[in-house]
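A short write-up of the structure that comes next.
The values are calculated or read from the model by the stated rules, or taken from the named source; none is laboratory data. Just so we're clear, the structure is a prediction, and the values are computed from it rather than from any experiment. In this analysis, Cβ positions are derived from the backbone assuming ideal geometry, glycine residues included, and neighbour counts consider all displayed protein chains.
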Amino acid sequence: MVKRLRHAMGTTALNMHERMDGLLYALVHPQKPMVTTRVLDLVHFDQVPGGQNASIAVMSYSGYDIEDAIVLNRGSLDRGFGRCMVFRKHQAPIRKYPNGTQDKIVGKVRASEFPRGEDDPRWPRYKALDEDGICRVGARLDPGTIMVNKHSPASTSGSGPVSSDFASTPLSYKAPAESYVDKVVLTANENEDYLIKILLRQTRRPEVGDKFSSRHGQKGVCGIIVPQEDMPFADSGICPDLIMNPHGFPSRMTVGKMVELVAGKAGVLHGHQAYGTAFGEEHGSADRVHLCCQALVERGYSYVGKDMLTSGTGGEPLMNYIFAGPVFYQKLKHMVMDKMHARARGPRAVLTRQPTEGRSRDGGLRLGEMERDCLIGYGASALIMERLMISSDAFTANVCQGCGLLGYSGWCQNCRSPEKMADIRLPYACKLLFQELQSMNIVPRLKLQDF
């Protein structure tokens with residue numbers, strides 16, 4: 001629970017909109033929980049909440065909710081459920097160099113400076129700049145837009161004559177989706193270099209793949225977003241914000257979530273915040289389960305918190321009673337927009353000539369040992385060859401069939417002869433391994449056969 005709470009977004013601090021953090025997540029509509037505890041009261045969680053009260057139904061729906069995935073109501077998302085803002089800081093230093101030169105900010109670029117005016121494809125990159133060459137507050141930034149029109153001197157070394165030439169070194173916006181400029185601050189660092197800090201704001205609504213969690217460690221990603229007219233609804237007209245698969249309960253035994261749902265439901269009906277501390281108190285203020293169930297009966301609801309729901313697609317009552325009520329849900333910072341990645345061709349590592357690793361370096365998608373084992377089990381030899389060599393680091397090496405050592409094109413340095421040279425295709429990393437073994441005085445000799 002503590003780990004999920006750490007990853008949840010909500011109200012970071014009361015002055016969060018005055019800060020310029022490197023990365024900040026904030027819910028647009030945070031709510032205080034319907035069920036609180038003594039610890040949450042001590043830390044004043046109601047003043048800095050980290051989630052929203054979701055009306056959930058515990059039922060299987062559509063098959064998109066297997067393996068802890070959840071079903072979200074599109075109408076709830078339209079009303080602001082799970083909507084968040086992501087603030088990200090960018091900065092551009094104005095450096096001073098040993099030869100007395102320094103960077104400079106060039107003013108706004110006019111459309112008239114381009115041959116085709118506003119129809120020129122280069123002009124949209126400069127549209128967000130203000131008169132001072134820095135993007136204006138409130139401007140929309142699309143991928144590739146220039147935020148700071150900075151120019152750096154061509155020569156920065158201390159020796160030789162100072163050149164008056166400058167090269168364009170702008171600060172560009174590189175994220176996959178658009179952002180808006182929230183703040184622009186001019187400041188300086190300890191080296192007396194000026195800093196231009198720009199805070200960008202993105203407003204995101206939940207999408208398929210975003211991660212949610214209750215306060216009981218029941219985490220899951222959104223599997224599907226369903227229109228409200230297709231969601232089940234109760235006789236009172238309440239339609240759940242979120243549908244959770246019941247298979248998440250038996251093996252994990254998160255009874256606290258059931259208690260929270262019943263206590264929160266009783267609290268909603270009686271108009272007070274339920275008190276769900278984990279410690280039963282003989283004379284304290286903790287809400288006991290049987291008292292909450294009695295409160296449900298007084299208001300005309302089922303003792304166990306189940307309701308009769310009607311199918312949104314068929315219009316008929318569902319065959320079973322559904323456990324439904326309010327539960328405090330957290331939106332976690334793991335969003336699919338920040339993790340989505342694919343590539344066809346791209347950069348390669350210098351040493352091994354294999355694709356680089358990681359989304360930030362535009363890396364390749366790794367087919368690891370366990371995936372290779374599956375392909376071996378299926379006997380898919382051509383696919384193994386393609387993924388592990390052709391699409392990775394295929395290399396043509398020259399091998400001497402006499403001594404079995406690697407040579408040059410048409411020449412064996414060991415035999416001093418060009419007669420028995422042959423070309424083979426192998427991974428570059430394999431060729432590198434042979435050469436590293438030779439550097440340790442271990443000589444691998446290749447025996448070639450025709451197939």
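Kindly indicate which of A324, A397 is buried (at least 16 other Cβ atoms within 10 Å of the Cβ) and either basic (K, R) or free of Cβ contacts under 8 Å to residues at least 60 places away in the same chain (or both). None of the other options fit; the residue is A397.
Among the residues of the stretch 6-42, the one identified as within 24 Å of V262 (Cα to Cα), assigned to a loop (DSSP other than H, G, I, E, B) and of a type in the set (V, I, T) is T37. On inspection, T187 does not qualify as over 20 Å from G51 (Cβ atoms) and modelled with pLDDT under 85.
Can you pull out every residue in the stretch 69-93 that is in contact (Cβ under 8 Å) with a residue 40 or more places away in the chain, within 30 Å of M244 (Cβ to Cβ) and not in a helix (DSSP H, G or I)?
The answer is A69, I70, V71, L72, N73, G80, F81, G82, R83, C84, M85, V86.
Considering only the stretch 405-429, state which residues are in a helix (DSSP H, G or I) and in contact with a Phe, Trp or Tyr (Cβ under 8 Å, 6 or more places away or on another chain). Scanning the stretch 405-429 gives a single hit, Y428.
If you go through the stretch 146-159 and keep only what is touching a Lys or Arg at 6+ places or on another chain (Cβ under 6 Å) and at pLDDT 90 or above, you end up with just I146.
Restricted to the stretch 211-255, and to residues there that are closer than 19 Å to E67 by Cα, touching a Lys or Arg at 6+ places or on another chain (Cβ under 7 Å) and not β-branched (V, I, T), the residue that is surrounded by the fewest Cβ atoms within 10 Å (Cβ to Cβ) is G217.
Among the residues of the stretch 304-324, those that are outside any strand (DSSP E or B) and under 19 Å from M34 (Cβ atoms) comprise V304, G305. Filter the stretch 334-346 down to the residues that are surrounded by fewer than 16 Cβ atoms within 10 Å (Cβ to Cβ) and under 28 Å from G217 (Cα atoms), then identify the one that is farthest from the chain's Cα centre (by Cα). Checked the stretch 334-346; the qualifying residue farthest from the chain's Cα centre (by Cα) is H341. Evaluation of E190 against the conditions (1) of a type in the set (D, E); (2) free of Cβ contacts under 8 Å to residues at least 12 places away in the same chain; (3) closer than 30 Å to D307 by Cα shows that the sole unmet condition is (3).
Look through the stretch 16-73, keep the residues that are touching a Cys at 6+ places or on another chain (Cβ under 7 Å) and under 30 Å from H90 (Cβ atoms), and return whichever of them is surrounded by the most Cβ atoms within 10 Å (Cβ to Cβ). Among them, the one singled out is L27.
Considered as a group, the residues in the stretch 228-256 that are of a type outside the set (A, V, I, L, M, F, W, C) and under 25 Å from the mean Cα position of the chain (by Cα) include one that is nearest to L269 (Cα to Cα), and that residue is D241.
Scanning the stretch 364-392 for residues that are polar (S, T, N, Q) and either under 21 Å from A342 (Cα atoms) or outside the structural domain of R425 (by TED's automatic domain parsing) (or both) returns S391, S392.
Residues in the stretch 170-187 that are loosely packed, with under 14 Cβ neighbours inside 10 Å, in contact with a strand residue (DSSP E or B) (Cβ under 9 Å, 6 or more places away or on another chain), in contact (Cβ under 8 Å) with a residue 40 or more places away in the chain and not in a strand (DSSP E or B): A177 alone. Within the stretch 27-50, the set of residues being under 24 Å from R79 (Cα atoms) and either of a type in the set (K, R) or modelled with pLDDT of 90 or more (or both) comprises L27, V28, H29, P30, Q31, K32, P33, M34, V35. The set of residues in the stretch 367-404 being closer than 21 Å to P355 by Cβ and assigned to a strand (DSSP E or B) consists of A394, F395, T396, A397.
Across the stretch 347-368, the qualifying residues are those that are over 12 Å from R387 (Cα atoms) and free of Cβ contacts under 8 Å to residues at least 12 places away in the same chain, and the one among them that is farthest from the chain's Cα centre (by Cα) is V350. Looking only at the stretch 112-134, how many residues end up being within 30 Å of G22 (Cβ to Cβ) and outside any strand (DSSP E or B)? Going through the stretch 112-134 one residue at a time, the tally reaches 9.
Yes or no: the stretch 94-111 includes at least one residue that is of a type outside the set (S, T, N, Q), farther than 30 Å from M16 by Cβ, free of Cβ contacts under 8 Å to residues at least 24 places away in the same chain and part of a loop (DSSP other than H, G, I, E, B). Checked against the condition, which is being of a type outside the set (S, T, N, Q), farther than 30 Å from M16 by Cβ, free of Cβ contacts under 8 Å to residues at least 24 places away in the same chain and part of a loop (DSSP other than H, G, I, E, B), the stretch 94-111 yields at least one hit.
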